[in-house]
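For reference, the structure discussed in these notes is given below.
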Amino acid sequence: MNEVQFDIILYMILNSEFKEDSLRSWPASYYSLEPSARLFALQEQLHQHPDSRKDLRRLELFHKRWDASFHDQFLNAWMMLWAAGSQPVNFLNRARYERDVHTWLEQLCLFEETDDLLKEEWKNFADSLISSNLSSSSYRTAAFGVGHVSDRTACLRLASEIFTVTKTVPERTPDLEAALPLRSILLERYEALVPDGASYLAEVQSR
């Protein structure tokens with residue numbers, strides 16, 4: 001835990017208003033919190049209701065997504081899958097490629113039962129991915145780092161990334177079907193969050 005995260009948690013421990021506000025609006029407040037605050041609120045909720053099956057499942061998913069330093073392991077798996085999209089596959093590396101892709105899909109919880117709470121976790125991940133990428137100056141950087149691309153180009157780039165990670169890469173392996181639930185949520189959230197998102201998705205699919 002770094003100093004900033006420690007200060008946040010210490011503040012929450014000392015600030016009863018935070019605790020009351022978070023628990024009063026539970027579980028609607030869950031994804032409005034930063035990861036460290038989310039874990040704290042979840043632990044407080046379980047302290048009061050230790051047999052809550054939904055909150056126990058939320059805690060399980062939290063630890064699958066976030067490591068001890070609150071790094072997003074879903075995002076890490078996503079980036080590895082995206083990089084695999086540019087890697088050629090042949091008889092020499094196919095077995096290793098399939099193992100790696102399976103591991104990264106597993107890190108995204110794609111080989112376990114798809115319940116409503118997992119769908120909510122994927123939805124939060126999708127919203128975070130889409131909003132952070134489209135607001136990131138580095139994501140909008142043009143080739144060779146010269147200037148920035150237009151909004152349209154950035155939206156098309158992200159649509160292409162979604163199809164690469166959830167379709168192009170998995171269909172090179174036996175695990176294409178496993179990626180379908182996540183792809184469905186990402187496409188749904190893309191259309192909801194990106195103006196004219198449906199047209200960008202259609203343009204990328206037609207290529």
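We did not get these values from a lab; they are worked out from the coordinates using the rules stated. Since we're looking at a predicted model, the values are computed, not measured. Because the Cβ atoms are built from the backbone with ideal geometry, glycine has one as well, and the counts that use them run over all protein chains shown.
Overview of results
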item	result
Relative packing of peptides 119-125, 154-160 - highest average C-beta neighbours within 10 Å first	154-160, 119-125
Residues whose placed amide H lies under 5 Å from that of W66, excluding near-sequence neighbours	Q73
Residue-averaged 222 nm ellipticity for the chain, from DSSP H runs of 4+ at -39500 (n - 2.57), nearest 500	-20000 deg cm²/dmol
Cβ-Cβ FRET estimate between N93 and E177, R0 fixed at 25 Å, reported to 0.05	0.65
Close Lys-Lys pairs in the chain, where close means Cα under 20 Å and separation is 8 or more or interchain	8
Angle in degrees between helix 35-48 and the longest Cα principal axis of the chain, rounded to the nearest 10	40
Cα-based shape type of the range 37-141, given that a ≥ b ≥ c are square roots of the gyration tensor eigenvalues and the cut on a/c is 1.5	oblate
Chymotrypsin sites (Phe, Trp or Tyr not before Pro) restricted to DSSP loop in the range 66-105 with at most 10 other C-beta within 10 Å	F91
Top of A178, A126, A192 by mean-square fluctuation, Gaussian network on the chain, Cα under 10 Å	A192
Rounded, prolate or oblate (a/c below 1.5 giving rounded, otherwise prolate when a/b exceeds b/c) for the range 71-190 by Cα gyration tensor	oblate
0 to 90° range, to nearest 10: angle between helix 180-193 axis and the chain longest Cα axis	80
